[in-house]
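Nothing in this text is a laboratory measurement; each read-out follows from the coordinates by a stated rule. None of these values were measured; they are calculated from a predicted model. Heads up, the Cβs are rebuilt from the backbone with ideal geometry, glycines too, and the neighbour counts pull from every protein chain shown.
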Amino acid sequence: MRTNTDNFDLEDAGGEKSPGGLFGLALVALAVGAGTALLFAPAEGAKTREAVGERLRDFRGEAENALGRVQRELHRRDARRRRERRSSALLGLAVGAGVAALLLPQSGAETRRQLSAKLRRRKGDVEEAVDRVVRESQAESQPESQPAT
């Protein structure tokens, strides 16, 4: 005999869901699960709880060990990354110094003298600009004087 399952629906024919349907289904599932556990349990409840507790403790210990290994590996990688950055910075400094020494048209003493002279000129230019701004702001803040008659 063939059964037609194309029009199978869990809702009432009126289209409304029954209010206790989900709760009732949960109770039936609970009862079936408990009955199955009672029928097929390999040991009594106390022994089963003890075995489950022991397995959970073992799992916790293994999880702690795994977490410790992960933390150590992350620390090692972080330390390695810091060493690589430091090495890269020192290598860049050495290469930059070597390139500068090879490409400079004059000696180090001459280069330092030129840099010092340029910095002194720039310092003088900045001091003059600051003095000019101060004088202009003072002139703007003073009231205009009346010509004497």
Exercise. Contour minus end-to-end for Ala43 and Val134, with contour as 0.36 nm per residue of separation and end-to-end as the Cα-Cα distance?
Worked result: 23.3 nm
Problem set entry | Radius of gyration, Dmax [the stretch 55-149; alpha carbons; angstrom] | 32.2, 109
Seminar exercise, completed: By the C-alpha gyration tensor axes a ≥ b ≥ c (rounded if a/c is under 1.5, else prolate when a/b exceeds b/c, else oblate), the shape of the stretch 42-103 is prolate
Seminar exercise, completed: Per the charge dipole of the stretch 42-103 (beta-carbon charges, Lys/Arg positive, Asp/Glu negative, Cα centre), the residue among Gly61, Leu102, Thr48 reaching farthest to the positive end is Leu102
Exercise. If R0 is 30 Å, what FRET efficiency do you get for Arg80 and Leu102 from their C-beta distance, rounded to 0.05?
Worked result: 0.40
